[in-house]
Amino acid sequence: MIETTARLPHRADSVPDPAEQPWQTEASTPWTAVVRRIRSLGADTAYVLETLPWSLVAFVVVFTGLAVAVPLMVLWVGLPIAAGVLVVARWFASVERSRTVHRAVLAGDLPLAEPRRAAAHGRGAPVGEARPSLPRRVLASLRDPQGWRETVHALTSWILSIVTFTVTVTWWVGAVAGTTVYAWVRFLPENTGNEDLSGAARDALDMLNSTGFKLAAGIFFLLTLLPMTRAMARLQAGFARTLLDEPRTLAR
């Protein structure tokens with residue numbers, strides 16, 4: 001079996017046709033298809049589970065920095081602090097872009113493109129040209145719209161992460177617990193608290209507590225585990241793409 005490999009794109013102007021990606025041209029057999037799906041499931045699950053704690057750290061750090069910078073704006077001291085917060089948010093965004101690379105290979109998606117930065121930040125100035133002063137670099141950083149987009153992502157990503165994390169964990173627990181119900185149901189105490197209920201309610205609870213229902217629910221969670229986990233990962237990555245990807249990439 002011959003597999004083709006290629007370096008993933010990091011810039012918007014070098015993004016190849018998705019149809020020519022290695023995961024589209026890889027030789028496929030039933031066994032490799034199963035392995036690829038298992039790897040994809042693991043990558044999507046890891047991406048979603050890692051995003052919640054990482055996004056909480058980003059929120060705490062960036063929010064704390066802005067909470068210090070905004071009140072000091074009246075004294076102009078807050079401007080360099082705010083510029084420093086944008087630098088921190090940029091670092092969190094860079095880590096997020098790198099996290100999408102491995103998952104993008106297995107999912108068939110394109111990784112996030114690294115946006116271009118203006119040379120006015122003090123880096124990349126032509127040789128022989130005076131480097132901009134510190135106030136100019138601070139103002140240039142504050143005028144960078146991508147920096148504020150990255151800050152918004154750091155402040156809001158945790159909200160969506162709670163949803164995707166909860167759904168992913170629920171599906172995994174349901175699949176594992178339901179399909180292995182016969183291994184652990186014997187250790188549960190007998191349910192004797194339904195005698196005071198009416199006939200219909202008691203029958204409904206008995207049905208929900210039955211081993212057959214737990215097994216059927218586990219099979220349902222297992223069969224839908226891959227698409228549901230993929231949907232949660234793409235939802236999280238899509239939110240990051242909206243704020244972190246280069247605008248011209250989104251326009252294509």
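The values are calculated or read from the model by the stated rules, or taken from the named source; none is laboratory data. Note that the coordinates shown come from a computational prediction; the quantities given were computed from them, not determined experimentally. So basically every Cβ, Gly included, is an ideal-geometry build from the backbone, and we count neighbours across all protein chains shown. Areas reflect the complete protein model, heavy atoms only, side chains present, ligands, DNA and RNA absent. Shrake-Rupley method; radii C 1.70, N 1.55, O 1.52, S 1.80 Å.
Could you tell me the calculated FRET efficiency between Asn209 and Ile162, based on Cβ-Cβ distance and R0 = 25 angstrom, to the nearest 0.05? Working shown, then result.
Working: r = 29 Å, r/R0 = 1.18.
The value I calculate is 0.25.
Each of Arg37 and Val70 was given a label point 7 Å from its Cα along the Cα-to-Cβ line. The distance between the two points is 4.8 nm. Highest mean packing comes first when the peptides 64-73, 162-171 are listed by Cβ atoms within 10 Å, giving 162-171, 64-73.
Ranked from the most accessible area to the least, with a 1.4 Å probe and all protein chains present, what is the order of Met207, Met232?
Numbers: Met207 95, Met232 25 Å².
So, going from the largest accessible area down, we get Met207, Met232.
Gain on full extension, evaluated as 0.36 nm per residue between Val57 and Val173 minus their Cα-Cα distance, stands at 39.2 nm. Over the C-alpha atoms of the stretch 56-115, the Rg to Rh ratio, Rh being the Kirkwood estimate, stands at 1.18.
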